[in-house]
Amino acid sequence: MTVQPPATGDVALPPVPWPRLFAERARSMRGSPIRELQEISLKPGIISFAGGMPADELFPIDEFCNACERVLRTHGSRALQYATTDGIPALREIIAHRASQNGLHVGAQNVLVTTGAQQALDLIGRILIDPGDKILVERPTYIGALQSWSTHQARFLSVGVDDEGLVVDDVEAMLRARPKFIYSIATFQNPTGAVLSIERRRALVRLAARHSVPIVEDDAYGQLRYSGQNVAPLLAVDAEERDTGNATSLGNVLYLGSFSKTLSPGLRVGWVIGPADVITQLNRAKQTADLHTSPLAQSIALDFLQSGFLDRHVERLRLAYAERRDAMLEAMSVSFPTTVTWRAPAGGFFVWVTLPEPLDAATVLIGAIARNVAFVPGAAFSPDRSGSNTLRLNFTHPSPELIREGIARLGPILARLVDRGA
Ligand SMILES: Cc1ncc(COP(=O)(O)O)c(C=O)c1O
């Protein structure tokens, strides 16, 4: 039997005007400059300080193979079947247990496993942000949070960051504008690497509580400290200031964690800790977002936590990343002009650089790309696009040798532009 092709008629069908069909919400979606730079970074020969990526060669591939095999052989159907939205109970329990320190009590009911911390940001937007709501952010801050909450049609208020983190003295005036919540990357801030001092943490949680404005604490980098002493997360400081030891039933902080920087961003496993009624609401939002986070990925993370491997691996990462940070700082002090300054980070992924004004980091980037080096100009991290004379350098992805080479290429470009007063 021959099948006749459908009659097409003489008239071509009109094109579909997709952009006109996009919802209001979609119009406020912006691409991240980092994602765009990532394409350039993939060009062969480019030394990229642009992305916020862990080192490829430090991924524990053999351990992943072994954990995968163990998980599939012992919990195969749990790992491959549909799962509950809130996450594998044993994983929620171990996350709760590890967060329960210094008198702070967190239970599994206070934990929602998410598809990376990025999903937690989106879910928080879904349950807390009405169009036009204001969010108080650090300036500069993580672009992914700005992108996510722009989608929910938020507006941003911002307060600057200095060597001790968010300038908390400037927060009170902003709270009068009634932001819906405060977003803080208190430890090894992205992009500045700053750590909010304990005094400021105490002041911030008290201030936020007095004004009934919750805090979203994003702790994506907190475990990656290379020097100095740990500072308690805002979640714990809030509990301490309340003197209840139970930030999770009464507290004012939603805490975001992730395995992306310590295990693998490809795993896509993160979590939120918060009061149980907020977790329930976030769970409802997650049901429509993705039903649940991959149970295979969750089971692998759980295996690494239960066996103690993750903690040993983080120790190895700390040593390797400290070496890369030091290589970058040393190379910068050799080849950057003395008018260029930077903050030496005690942890995290980034060095934040300030150029003498009126030098624009976007101009430097053009010269850098011509010499096969990439970084992110700092203005991308501010909702008001301020900080055009700043830039962010990642030191965890390139090897120490490539770091030295890349910084040696950047030095003369900076020197030339500084001399020209560009
Ligand atoms: C501050 C911050 N929060 C969240 C994320 C997203 O992390 P995840 O891979 O867990 O979604 C990142 C990633 O770079 C980040 O820097």
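Values quoted throughout were computed directly from the atomic coordinates according to the rules given, and no laboratory measurement underlies them. Small disclaimer: the values here were computed from a predicted structure and weren't measured. No Cβ is skipped: glycine too gets one built from the backbone with ideal geometry, and neighbour counts run over all protein chains shown.
As a proxy for reagent exposure, ranking 261, 43, 134 by other Cβ atoms within 10 Å from fewest up yields 43, 134, 261.
Remark: the residue 357-residue 198 segment gains 54.1 nm on full extension, using 0.36 nm per residue and subtracting the alpha carbon distance.
DSSP bridge analysis restricted to the stretch 129-193 gives an antiparallel fraction near 20%, rounded to the nearest 5. In the chain, the calculated helix contribution to ellipticity at 222 nm averages -13500 deg cm²/dmol per residue, counting -39,500 (n - 2.57) for every DSSP H run with n ≥ 4.
Projected label points at residue 386 and residue 153, each 7 Å from Cα along the beta carbon direction, are separated by 2.8 nanometres.
Under 5 Å from the amide H of residue 376 lie the amide H atoms of 392, each residue being 5 or more positions distant or on a separate chain, with H modelled from the backbone and absent for Pro and chain starts.
Of all beta bridges that DSSP places with both ends in the chain, some 55 percent have antiparallel geometry. For the listed residue pairs 43/180; 43/261; 43/134, the alpha carbons are over 32 angstrom apart in 43/180; 43/134.
Near residue 156, the amide H atoms lying under 5 Å from its own belong to 135; only residues 5 or more places off or on other chains count, and H is placed 1.01 Å from N. Rounded, prolate or oblate for the stretch 60-117? Axes are the square roots of the Cα gyration tensor eigenvalues, ordered a ≥ b ≥ c, and the cut-off for rounded is a/c under 1.5. Because a/c hits 1.5 or more and a/b exceeds b/c, the stretch 60-117 counts as prolate. The label point for residue 169 and the one for residue 312, both projected 7 Å from the Cα toward the Cβ, are 4.9 nm apart. In this structure the amide hydrogen of residue 216, modeled in the peptide plane, comes within under 5 Å of the amide hydrogens of 182, 183, 184, 254, none closer than 5 places in sequence on its chain. Relative contact order of the stretch 236-334: 19 percent, from C-alpha pairs under 8 Å at least 6 residues apart in sequence.
Spatial offset of the stretch 41-57 relative to the stretch 155-186 amounts to 32 Å, using the alpha carbon center of each. Between the listed residues 76, 320, 285, the Cα displaced farthest toward the positive end of the dipole of the chain, a dipole computed from Cβ unit charges relative to the Cα centre, is found at 285. About its Cα centre, the stretch 174-287 has a charge dipole of approximately 340 debye under the convention of +1 per Lys or Arg Cβ and -1 per Asp or Glu Cβ, with nothing else charged. At q = 0.06, 0.08, 0.11 Å⁻¹ the log10 of I(q)/I(0) for the chain amounts to -0.27, -0.47, -0.87, computed by Debye summation with a single uniform scatterer per C-alpha, solvent ignored. Residues 342, 352, arranged from fewest to most other Cβ atoms within 10 angstrom of their Cβ, appear as 342, 352. Remark: the stretch 276-283, residue by residue, has Karplus-estimated 3J(HN,Hα) of 4, 6, 6, 4, 4, 5, 5, 4 Hz, where x stands for each Gly or Pro and the curve is 6.51 cos²θ - 1.76 cosθ + 1.60 at θ = phi - 60°.
Normalising the average separation of contacting C-alpha pairs (under 8 angstrom, six or more residues apart) by the number of residues puts the relative contact order of the chain at 22 percent. Across the stretch 182-257, the mean sequence separation of Cα contacts (distance under 8 Å, 6 or more residues apart), normalised by length, yields a relative contact order of 37 percent. When each of the peptides 306-318, 359-371, 45-57, 208-220 is scored by the mean number of other C-beta atoms lying within 10 Å of its residues, the order from highest to lowest reads 208-220, 45-57, 359-371, 306-318. Computed from the Cβ-Cβ distance with R0 of 25 Å, the FRET efficiency linking residue 23 to residue 280 stands at 0.35. The residues neighbouring residue 150, those whose beta-carbon lies less than 11 Å from its own, together hold a net charge of +4 under the Lys/Arg +1, Asp/Glu -1 convention.
Ordering 84, 115 from the fewest to the most neighbouring beta carbons within 10 Å gives 84, 115. Taking Lys and Arg as +1 and Asp and Glu as -1, the other residues whose beta-carbon sits under 10 Å from that of residue 327 total -1. May I ask for the net charge around residue 384, where only other residues with Cβ less than 15 Å from the Cβ of residue 384 are counted and Lys, Arg are +1 while Asp, Glu are -1? Charge balance near residue 384 sits at +3. Between residue 242 and residue 334, the distance separating the two model label sites (each 7 Å from Cα on the Cα→Cβ line) works out to 5.1 nm.
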